[in-house]
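Below: the structure, in structure tokens.
The values are calculated or read from the model by the stated rules, or taken from the named source; none is laboratory data. Bear in mind the structure is a predicted one, so any value in this text is a computation, not a measurement. Because the Cβ atoms are built from the backbone with ideal geometry, glycine has one as well, and the counts that use them run over all protein chains shown. Protein only, heavy atoms only, side chains kept; ligands, DNA and RNA dropped before computing areas. Shrake-Rupley method; radii C 1.70, N 1.55, O 1.52, S 1.80 Å.
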Amino acid sequence: MTSKNKKPMELYVHIPFCARKCLYCDFLSFRALASVHEAYTAQLIREIEAQGAFCREYQVTTIFIGGGTPSVMEPCLIADIMRALKYHFDVAEDAEITIEVNPGTLLYNKLHIYREAGINRLSIGLQSTDNRELRDLGRIHTFEEFLKSFQCARMVGFSNINVDLMSSIPGQTLESFKNTLKKVAMLKPEHISAYSLIIEEGTPFWDHYGQGAAGGWRSAGQDGKEHPMAADGPAFPPLPDEDTESRIYHLTRTFLTEQGYGRYEISNYAKPGHECRHNIGYWTEVPYLGLGLGASSYLGGCRFSNTSDLDMYLGLDFNRAPEEVLEQLHGPLQELSREARMEEFMFLGLRLTKGVSGIDFVSMFGIKLETVFGPVMERLISDGLLEKNGVWISLTEWGMDVSNYVLSEFLLS
Ligand code: SF4
């Protein structure tokens with residue numbers, strides 16, 4: 001419960017370290033020595049102290065320690081971060097506190113220390129139960145290692161676990177994805193996220209599958225054969241074709257629904273009562289503060305991001321006037337225009353299956369939803385992509401299938 005006289009806020013803490021870079025990853029993450037983990041944690045704690053002083057009117061309802069791979073660090077560093085967060089922020093007693101972890105970096109002892117530190121939710125990056133698919137993604141772990149981590153997490157007492165899955169993996173078939181879904185559902189995690197692989201620029205996958213690759217997008221899959229690189233290098237099997245992708249997408253929805261998971265967002269499924277509060281807050285514009293390298297924030301109607309330069313981050317002098325050092329950390333704050341906030345209200349809120357509420361819109365902007373978006377809403381409703389239920393506007397199932405198109409229709413400029 002949030003304290004009556006304080007506003008709710010969420011915290012995101014970025015740990016940019018990984019054991020190795022996956023072949024598709026464009027996140028702000030890299031390998032670093034244990035001494036860098038320690039220096040980073042010390043600086044992060046200084047930032048937590050500085051930022052906390054500006055957030056006295058907020059109560060923290062959720063914390064998400066993400067990355068990167070937070071579990072690659074020594075667990076005592078995570079415990080130090082948790083201690084600092086609780087000391088410098090007003091963290092609600094029932095706050096949802098998640099840490100992202102990867103199999104292959106988890107031991108019983110680590111999980112135990114997380115629990116002791118007050119972390120009550122795990123998000124495990126599995127992606128696939130097929131070891132060949134995992135290898136081709138450049139993941140460091142096997143399915144068997146995931147199983148051990150999952151069992152350890154239950155033994156330690158974690159009763160709120162998310163498992164991340166990925167579709168559109170090179171070489172993935174409908175059958176292999178079905179196997180992944182079945183094996184994961186048998187373990188009964190409380191939450192499952194299922195995102196599609198996106199080929200991002202600047203990654204080895206982009207060089208092979210992206211628009212810049214010889215022959216262009218998806219060229220590798222045209223002959224249906226594997227395309228091995230050097231004998232000791234990664235294999236680049238073809239990407240699934242569009243028909244397989246679409247069947248995988250529909251299978252995810254029907255299978256997980258049959259297994260008792262409710263779809264509450266385009267790519268997220270949960271057992272009743274286990275929807276991720278942190279992400280729901282993000283989609284419904286609860287203010288959040290990002291701490292650590294490259295972390296983004298949305299606070300006081302402004303969006304801003306911390307520097308992504310590790311040397312600069314580590315070199316910040318938190319003994320200087322806090323306003324000065326925070327401005328160095330994330331540059332001047334930029335207030336979002338009212339129009340931009342209205343667009344975001346729609347883009348983010350419509351990702352949720354329950355959609356957006358006309359009442360919330362009026363209370364936030366002092367104007368009716370229909371006055372701003374009436375014509376586009378009418379057109380999308382008559383096209384069968386949007387539906388109205390009382391004060392709620394939401395995507396239809398078909399609208400969810402083509403959500404990128406539908407959401408882009410709410411751009412005001
Ligand atoms: S574990 Fe996650 S953050 Fe790290 S390299 Fe792989 S995809 Fe990127």
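Can you tell which of Phe345, Phe365, Phe373 is touching a residue at least 12 places away in the same chain (Cβ under 8 Å) and either within 20 Å of Ile280 (Cβ to Cβ) or touching an Asp or Glu at 6+ places or on another chain (Cβ under 7 Å) (or both)?
After applying the criteria, what remains is Phe345.
Checking the condition at pLDDT 95 or above and open to solvent by 30 Å² or more (accessible area, probe 1.4 Å), which residue from Asn279, Asn268, Asn306 passes?
Asn279
Listed here are the residues, each with its yes/no results for (1) touching a residue at least 60 places away in the same chain (Cβ under 8 Å); (2) within 24 Å of His250 (Cβ to Cβ); (3) surrounded by fewer than 16 Cβ atoms within 10 Å (Cβ to Cβ).
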{"site": "Glu335", "(1), (2), (3)": "no, no, yes"}
{"site": "Gly355", "(1), (2), (3)": "no, yes, no"}
{"site": "Met377", "(1), (2), (3)": "no, no, no"}
{"site": "Ile381", "(1), (2), (3)": "no, yes, yes"}
{"site": "Ser413", "(1), (2), (3)": "yes, no, yes"}
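Give Leu122, Leu107, Leu85, Leu165 a once-over and let me know the one that is among the aliphatic types (A, V, I, L, M), more than 19 Å from Tyr269 (Cβ to Cβ) and surrounded by 22 or more Cβ atoms within 10 Å (Cβ to Cβ).
Leu85
Go through the residues of the stretch 63-81 one by one and say whether even a single one is assigned to a helix (DSSP H, G or I), of a type in the set (Asp, Glu) and surrounded by fewer than 21 Cβ atoms within 10 Å (Cβ to Cβ).
There is at least one residue in the stretch 63-81 that is assigned to a helix (DSSP H, G or I), of a type in the set (Asp, Glu) and surrounded by fewer than 21 Cβ atoms within 10 Å (Cβ to Cβ).
Would you mind finding the one in Ala34, Ala42, Ala53 that is of a type in the set (A, V, I, L, M) and in contact (Cβ under 8 Å) with a residue 60 or more places away in the chain?
Result of the check over Ala34, Ala42, Ala53: Ala53.
Taking the stated definitions as given, is Asp130 under 30 Å from Thr173 (Cα atoms) and away from the ligand (no atom under 16 Å from the Cβ)?
Taking the combined requirement at face value, the residue satisfies it.
Report whether or not Glu327 is more than 19 Å from Ile280 (Cβ to Cβ), charged (D, E, K, R) and outside the structural domain of Ile248 (by TED's automatic domain parsing).
yes
Of the residues Leu122, Leu147, Leu126, Leu107, which is of a type outside the set (S, T, N, Q) and under 15 Å from Cys22 (Cβ atoms)?
Answer to the selection: Leu126.
For the stretch 1-55, give me the residue count where each residue is in a loop (DSSP other than H, G, I, E, B) and small (Gly, Ala, Ser).
Number satisfying all stated conditions: 5.
Would the stretch 14-26 turn up any residue that is more than 30 Å from Tyr209 (Cα to Cα) and either within 16 Å of the ligand (Cβ to nearest atom) or surrounded by fewer than 20 Cβ atoms within 10 Å (Cβ to Cβ) (or both)?
No, the conditions are met nowhere in the stretch 14-26.
Could you pull out the residue among Tyr87, Tyr40 that is within 16 Å of the ligand (Cβ to nearest atom), over 30 Å from Ser196 (Cα atoms) and aromatic (Phe, Trp, Tyr)?
Tyr40
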